[in-house]
Amino acid sequence: MSKIIAAHLQLQDEIDRARESLRAAGFADDRISSFYVNTQGQHAVIPLGGDRDNSPGAKETPAGVGEGVAAGAAIGAALGAATIPLTGPLGPALGGLVGGHVGSLYSFSHMKDAGEKEEGGSVANQVEPRKAGMMIAVAVDDQTEQQAIDIFRQLGTHHIERADGHIENGDWKDFAVLSVPQWV
């Protein structure tokens, strides 16, 4: 396993300049990899599409909706029972259904707002994720790591990350698109 320094760029011309700069500095071409990173949610990791079965920020949603449905159904059934003289035996059932639906909608008002930090959330929810765009990576050792970082900074790259992996024949074999980036 090698240390890898990777930079995020937007244009193919920028990738070509970065590759040339790395080659000129003595990095072997087969130890340099470039590729496109898709927008979040569009990596097709899951067979039906998307990246995850569940959103990391929505882990409390099923329990919250369940509580809302249960409370709403109980209140609706009680109100429906009070209407038995008018509605007959359908009152409590209809009241429970309507109450459950209203309760589930009400539970959504208690969800966290977009961008709000999650208490006790995973690191993946607290670190800036990878941006979509072109990415170039180079396998380095302890002596060449800073040199690669300097080359990327000289090219105006702001998002540089450090990782471990294998780059063979110009292909980063074990790149994990959903991994948490370790920004330099």
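Screening region 82-115 for residues that are under 26 Å from THR39 (Cα atoms) and either more than 15 Å from the chain's Cα centre (by Cα) or modelled with pLDDT of 80 or more (or both) and picking the one that is surrounded by the fewest Cβ atoms within 10 Å (Cβ to Cβ) gives ASP113.
Of all residues in region 151-167 being surrounded by 13 or more Cβ atoms within 10 Å (Cβ to Cβ) and not aliphatic (A, V, I, L, M), which is nearest to ALA25 (Cα to Cα)?
The residue in question is PHE152.
The lone criterion from (1) exposed (fewer than 12 other Cβ atoms within 10 Å of the Cβ); (2) modelled with pLDDT of 70 or more; (3) polar (S, T, N, Q) left unmet by ASN54 is number (2). Looking only at region 16-35, decide whether some residue is within 27 Å of GLY156 (Cβ to Cβ), exposed (fewer than 12 other Cβ atoms within 10 Å of the Cβ) and modelled with pLDDT under 80. No, region 16-35 has no match at all.
The values are calculated or read from the model by the stated rules, or taken from the named source; none is laboratory data. Everything quoted here is computed from the prediction, not taken from an experiment. Ideal geometry is used to build each Cβ from the backbone, glycine not excepted, and the neighbour counts take in all protein chains shown.
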